[in-house]
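To start, the structure under review is shown below, and the notes come after it.
Every read-out reported here was derived from the displayed coordinates using simple, explicitly stated rules and does not represent laboratory data. Bear in mind the structure is a predicted one, so any value in this text is a computation, not a measurement. Heads up, the Cβs are rebuilt from the backbone with ideal geometry, glycines too, and the neighbour counts pull from every protein chain shown.
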Amino acid sequence: MPQQGTAVAIEGLEVGYGRTPVLDGIDLAIEPGSFVALLGASGCGKTTLLRSIAGFIEPRAGRILIGGRDVTGTGPERRGTAMMFQSYALWPHMSVARNIGYGLKLRGWPRADIARRVDEILALVEMSGFGGRSVTTLSGGQRQRVALGRALAVHPPVLLLDEPLSNLDAKIRLTMRHEIRALQRRIGFTAIHVTHDQEEAMVMADRLVILEAGRIVQDGRPEDVYRRPNSPTVASFLGADNVIEAEARRDGTDLVLILAGGIRARIAGTPSVEGPCLLHFRANAVTLAAREGRGDCLAIPGRIEQSSYPGGRYRYQVGTPVGRFFVDDAYRLDDGATVTIAIPAPSLHVFARPLPGVPATRAA
C-alpha cells in the first residue's frame, strides 16, 4: 500500500519493449513537495520511468499511484501531472499567451479566468509583456520559460521534467536550474526530473534516484550519495572514475592497501573490505604533492603525461605504476614533471573487486 501522504508511489513496476525488459520491479515512494532527480547512464530506464508516470507508456506489471489514487490505467490528461519536454513542445502557430493557456482551455476554463491565470504565470516566469509574441520569435531560454509556464498554469501537484535544459546554452542553463528550483520551493509542487547531468541533479534536487539496467541501485540525499556511493557503477557515474586495483587487509581498525609495484598505505576509518578491491577517486579530490609519512592518504608516485586548462584548475593525466589517472590541481606543472598523487582517505571509495561477470559488492 502507498505510504500516507505520498505524492507518487510506484509499486513493482515492470516495463518492456517486445522481449526486451527496460524497468525491472521498480519500487519508489516520493513525498509531496520534494524534488527528485532520476539519474543514470543512457539506456538505464530513467526516461521510461518518467514517461510511465506521465501515462505515455503502459507497464507490463505493477502500479502507479498519484496522490493515493491508482492511475495505472488512466490517460495522461487525468493523472494530475504536467510535463516539460526537452524539445519545449510549444505550438509554433500560437502566441505565448495561447500556449500557456492551452491546457486551461482544454479543461473548460472561462476565457476571463484563463486570461487572469496567464497573466499570473507570465509574471511568475518573468515574461510579463510577452503574451502577444509568437513563440517562434523567442530565444531558447524564453521558450523554456513559456514551456514551464504552460506546465504550471494547470496547478499540477506533480511536475515531470524530461531533460528540459539540455538544449540551452551553458549560461542560460545555469540560470534556469536555479529559477526552476526556486519556483518549486515557492509553490510547493512535487518535481521529478530526468537528467544525465550530475551537476544539474546535485543543484536542483533534494533526492537522487540512480538507475542501472532498469533497477534502482541507490537512493538518497545528493550529498550522501555523492560522498558514499554504494557501488563502483554509482561512484564512476558521480565522477569518481579513477580506479585502482588493490589488495585490502584489515589490521585492527585500519585498512592496509597493497598496490602493484610495492606501494602500500595504511588508512584509518575506511569501509570493512578485505581481499581484492577497487579504489575509486575523483580528479578534484586529490593533490599533486609529496605526502609520505602521513597515515591519512594514499601516495602514488607518477609523471605528468599531458596537461590542459579547462578553467579554474589545471587538468593532468598522470602515469603511475598502477595506471593512468586524471588529476585536477591549482598549480601549473610541466609535462614530464615527477609528482606524487596524494589521495586523502575520505576521498577513497573502496569496493570489493568482483569476479568476472559478477557485480561488485558495495562498501560497508
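A few points about this structure:
- Acute angle (nearest 10 degrees) that the helix 111-124 long axis makes with the longest principal axis of the chain, alpha-carbon atoms: 30
- Placing +1 on the Cβ of every Lys and Arg and -1 on the Cβ of every Asp and Glu, with nothing else charged, gives segment 232-352 a dipole about its Cα centre of roughly 120 debye.
- Compared with the alpha-carbon gap, the fully stretched path from ARG215 to THR20 is longer by 68.8 nm at 0.36 nm per residue.
- √(5λ) per eigenvalue of the Cα gyration tensor, segment 232-352, largest first, Å: 24, 15, 12
- Converting phi to 3J(HN,Hα) with the Karplus coefficients 6.51, -1.76 and 1.60 and the offset θ = phi - 60°, segment 224-237 yields 5, 5, 5, 7, 10, x, 9, 7, x, 4, 5, 4, 5, 5 Hz in sequence order, with x at every glycine or proline.
- Across segment 152-268, C-alpha contacts under 8 Å between residues 6 or more apart give a mean separation that, scaled by the residue count, equals a relative contact order of 14 percent.
- Extreme residue, positive dipole direction of segment 1-120, given options LEU23, GLN86, VAL71 (C-beta unit charges): GLN86
- Normalised by 2.2 N^0.38 Å, where N counts its residues, the alpha-carbon radius of gyration of the chain equals 1.18.
- Packing, as the average of other Cβ atoms within 10 Å across residues, places the peptides 136-146, 167-177, 32-42 in the order 32-42, 136-146, 167-177, highest first.
- Contact order normalised by residue count of segment 8-227, Cα under 8 Å, 6+ apart, percent: 29
- The charge dipole of the chain, taken about its Cα centre with unit charges on the Cβ of Lys, Arg, Asp and Glu (plus for the first two, minus for the last two), comes to roughly 960 debye.
- Calculated mean residue ellipticity, 222 nm, the chain: -7000 deg cm²/dmol, from DSSP H runs (n ≥ 4) at -39500 (n - 2.57) each, averaged per residue and rounded to 500.
- Helix 96-106 and the longest principal axis of the Cα set of the chain meet at an angle near 70°.
- Two-decimal ratio, segment 130-287, of alpha-carbon radius of gyration to 2.2 N^0.38 Å: 1.43
- Put simply, the amide H of CYS297, placed in the peptide plane, has neighbours under 5 Å in ALA345, leaving out anything fewer than 5 places away on its chain.
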